[in-house]
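Student: Below you'll find the structure I mean.
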Amino acid sequence: MLTYARVLEVCARLAGRLSDDTLDAIRTHHHAGEPDLADATLLLTLAYHEVGITEEERDLIRSALPDPDSPDLAAVPALATIPAPRHRFTPTAPAAAPDPALADTLLAAEAAQHHAVELGRTWREPLPGVRGPGTWVYLLRATPATDPLHAYVGLSSQLWLVLRETWPLEVLVEGIPNPPYQSAALAATTRVWTNPTAAD
């Protein structure tokens, strides 16, 4: 099964290739103590939707599976390199976009409970040929002392329980390099909240 650290790395690498709902299911299944269900969701979705992965990503997943020769993993298409993000990120959204003010306030309060460094927000639009609507994406910068999966579930669950929103969230741990998707999102982020005790 995917270890705690590996599930975070795999989901971060596959953001933008797998749907937001699929990534949320993988993370929440693992956090809920159902890693086998998380693994099955990952492998079957990759194969069914023919989402390619690099050999490095395949080795990362294979190293955590009870069966390294899993036919489900073998069925996943191969990629030579990590693809460029399939979305465009901007600090501001179109006029018709939903107002994020309530979510900003809610998630800022929750971020403080997880000893995060900073919370940001960016608008994501699919590139031509990519399915899906535009959406807000939140990015939580966290220290290595923060439990990133617990923080993810804490903020995402509040967003749904209080506002009935499912806007994506990425937790970025300081000191760990960000994949291209998170780097592109971070470069277009509007700061929502900063921990007053954190150094710039």
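Student: Looking only at region 125-134, count every residue that is surrounded by 10 or more Cβ atoms within 10 Å (Cβ to Cβ), small (Gly, Ala, Ser) and at pLDDT below 95 and tell me the total.
Tutor: Here the count works out to 1.
Student: Mind counting the residues in region 45-75 that are closer than 30 Å to TRP123 by Cα and in a loop (DSSP other than H, G, I, E, B)?
Tutor: 4
Student: Could we say that ALA142 is small (Gly, Ala, Ser), under 21 Å from ARG191 (Cα atoms), open to solvent by less than 30 Å² (accessible area, probe 1.4 Å) and modelled with pLDDT of 95 or more here?
Tutor: Spelling it out, it is not the case that ALA142 is small (Gly, Ala, Ser), under 21 Å from ARG191 (Cα atoms), open to solvent by less than 30 Å² (accessible area, probe 1.4 Å) and modelled with pLDDT of 95 or more.
Student: Taking ASP36, is it of a type in the set (D, E, K, R), at pLDDT 95 or above and out of contact with any Leu (no Cβ under 9 Å at 6 or more places or on another chain)? Can you show your working first?
Tutor: Details: of a type in the set (D, E, K, R): yes; at pLDDT 95 or above: no; out of contact with any Leu (no Cβ under 9 Å at 6 or more places or on another chain): yes.
Considered against the rule, which asks whether it is of a type in the set (D, E, K, R), at pLDDT 95 or above and out of contact with any Leu (no Cβ under 9 Å at 6 or more places or on another chain), ASP36 comes out as no.
Student: For region 13-44, give me each residue that is open to solvent by less than 20 Å² (accessible area, probe 1.4 Å), touching a Pro at 6+ places or on another chain (Cβ under 8 Å) and in a helix (DSSP H, G or I).
Tutor: LEU23
Student: Right, something else. Going by what's in this entry, would VAL137 be described as touching a residue at least 24 places away in the same chain (Cβ under 8 Å), assigned to a helix (DSSP H, G or I), buried (at least 16 other Cβ atoms within 10 Å of the Cβ) and among the β-branched types (Val, Ile, Thr)?
Tutor: No.
Student: Being at pLDDT 95 or above and under 20 Å from the mean Cα position of the chain (by Cα) narrows it down to one of ALA64, ALA108, so name that one.
Tutor: Criteria check complete, one pass: ALA108.
Student: Would you confirm, using the coordinates I've provided, whether LEU161 is at pLDDT 95 or above, under 23 Å from ILE26 (Cβ atoms) and open to solvent by 50 Å² or more (accessible area, probe 1.4 Å)?
Tutor: Considered against the rule, which asks whether it is at pLDDT 95 or above, under 23 Å from ILE26 (Cβ atoms) and open to solvent by 50 Å² or more (accessible area, probe 1.4 Å), LEU161 comes out as yes.
Student: Residue by residue through region 144-180, note down the ones that are in contact (Cβ under 8 Å) with a residue 40 or more places away in the chain and of a type in the set (Ser, Thr, Tyr).
Tutor: Scanning region 144-180 gives TYR152, SER156, THR166.
Student: Okay, next question. Give me a count of the residues in region 51-107 that are more than 17 Å from VAL137 (Cβ to Cβ), loosely packed, with under 13 Cβ neighbours inside 10 Å and of a type in the set (Ser, Thr, Tyr).
Tutor: 3
Student: For the list (1) closer than 27 Å to LEU139 by Cα; (2) touching a helix residue (DSSP H, G or I) at 6+ places or on another chain (Cβ under 7 Å); (3) outside any helix (DSSP H, G or I), I need the number of the one condition that ARG6 fails.
Tutor: (3)
The values are calculated or read from the model by the stated rules, or taken from the named source; none is laboratory data. On a predicted model such as this, the values are computed, not experimentally measured, just so you know. Glycine also receives a Cβ, built like all others from the backbone with ideal geometry; neighbour counts cover every protein chain displayed. Side chains are part of the model used for accessible areas, which takes the heavy atoms of the whole protein and leaves out ligands, DNA and RNA. Shrake-Rupley method; radii C 1.70, N 1.55, O 1.52, S 1.80 Å.
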